[in-house]
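This report refers to the structure that appears directly beneath it.
Just so it is clear, none of the values below were taken in a lab; they were calculated from the coordinates. As the structure is a prediction and not an experimental result, all values here were calculated from the model. Methodologically, a virtual Cβ is constructed for each residue, glycine included, from the backbone with ideal geometry; neighbour enumeration extends over all protein chains shown.
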Amino acid sequence: MRREKNYSAQTGYVYRYVYEGHRPHSGDGIEFVFGVSADRKNWTPLSVVVGHAALDAWEQAHARQLTSTERYAIAKMALFQAFDERPTPALMKDPVHVRAVDIETIVETLGL
């Protein structure tokens with residue numbers, strides 16, 4: 001059963017989103033797939049790609065591996081960042097690519 005959740009973005013839009021799952025992304029990362037809607041009628045898939053290079057850089061710098069739950073938390077926070085930064089729902093069709101600096105900031109914010 002899918003759990004719909006809401007996020008009130010800084011842009012003024014209120015998005016509904018559901019987590020659809022994750023899968024390998026072209027051998028260079030993990031793709032977390034969310035379904036998103038700004039109007040409760042039209043849903044679109046949105047991919048959040050967390051690259052292996054970005055993960056490896058963080059893990060080497062901090063001498064530990066991120067758990068699968070932590071990786072999901074990073075993807076979800078990157079999704080929220082996209083909601084806040086992209087000015088219109090139409091731009092939610094473009095994938096979100098998480099960089100090493102994004103991981104560092106998100107992990108710090110989450111206190112992991």
Exercise for the section: Rounded to whole Hz and in sequence order, give me ³J(HN,Hα) for region 37-45 from the Karplus expression 6.51 cos²θ - 1.76 cosθ + 1.60, θ = phi - 60°, writing x for Gly and Pro. Expected result: 8, 9, 10, 6, 10, 9, 10, 9, x
Practice task
Measure nothing but the geometry: give the 0 to 90° angle between the long axis through the Cα atoms of 68-85 and the longest principal axis through the Cα atoms of the chain, rounded to 10°.
Solution key: 50
Problem - Cut-off 15 Å (backbone N to label point 7 Å along Cα→Cβ of Thr109), residues of region 56-76 - result: 71-76
Fill in the blank from the handout: With Cα coordinates, the longest principal axis of the chain makes an angle with the long axis of helix 100-110, in degrees rounded to 10, of 80
Exercise for the section: Using only Cα atoms, find the angle between the long axis of helix 52-62 and the longest principal axis of the chain, and express it within 0 to 90 degrees, rounded to the nearest 10. Expected result: 50
